[in-house]
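Everything on this sheet refers to the single structure shown next.
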Amino acid sequence: AAVPAWLQGGRSRCAGHLELLVSGSWGSVCAEGWGLGPARVLCYQLGCGRPRLVPAPCGPAAAGESPVMLRRVLCTGQEPALERCILQPGLPASCPTDR
């Protein structure tokens, strides 16, 4: 099953806040659970070349309407798409739910 991903609120389709469709609802990823590996995979999946901005915003204030649904996304950076990575659902204690 594919994990649809899109970036919203940016100046182009390759910039903005990451939204992922997980189990039928849109959500975001905790910033602490996002790194260069998943960023590489996402940019490749979107046809956006190499990642420049790696951090993903954390918490509803940054996410707008979508709650943080993924504690972590584990990728080596070589996967063809995010659904090949390990997606860990949940909210880590260290990920603030409001800013």
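Please treat every number below as a calculation from the coordinates, not as lab data. Fair warning: this is a prediction, and the values are worked out from it, not measured in the lab. Note: ideal-geometry Cβ built from the backbone for every residue, glycine included; neighbour counts use all protein chains shown.
Taking R0 as 35 Å, what's the FRET efficiency between Ile86 and Ala15 from their Cβ-Cβ distance, rounded to 0.05? Please list the in-between numbers first.
Numbers: r = 25 Å, r/R0 = 0.73.
FRET efficiency, Ile86 to Ala15: 0.85.
Using a Förster distance of 22 angstrom, determine the FRET efficiency expected from the C-beta separation of Ser23 and Thr76, and round it to 0.05. It would help to have the intermediate numbers written out before the result.
Working: r = 24 Å, r/R0 = 1.08.
Working from the Cβ atoms, E equals 0.40.
Which order do the peptides 81-89, 34-42 take when ranked by the mean count of other beta-carbon atoms within 10 Å per residue, highest first?
Numbers: 81-89: 15.6, 34-42: 20.6.
Ranked from most to least packed, the peptides come out as 34-42, 81-89.
Kindly write out, for the range 13-23 in residue order, the coupling ³J(HN,Hα) from the Karplus curve 6.51 cos²θ - 1.76 cosθ + 1.60 (θ = phi - 60°), rounded to whole Hz, with x marking Gly and Pro.
Per-residue couplings from phi come out as 6, 9, 9, x, 8, 6, 10, 10, 8, 10, 6 Hz.
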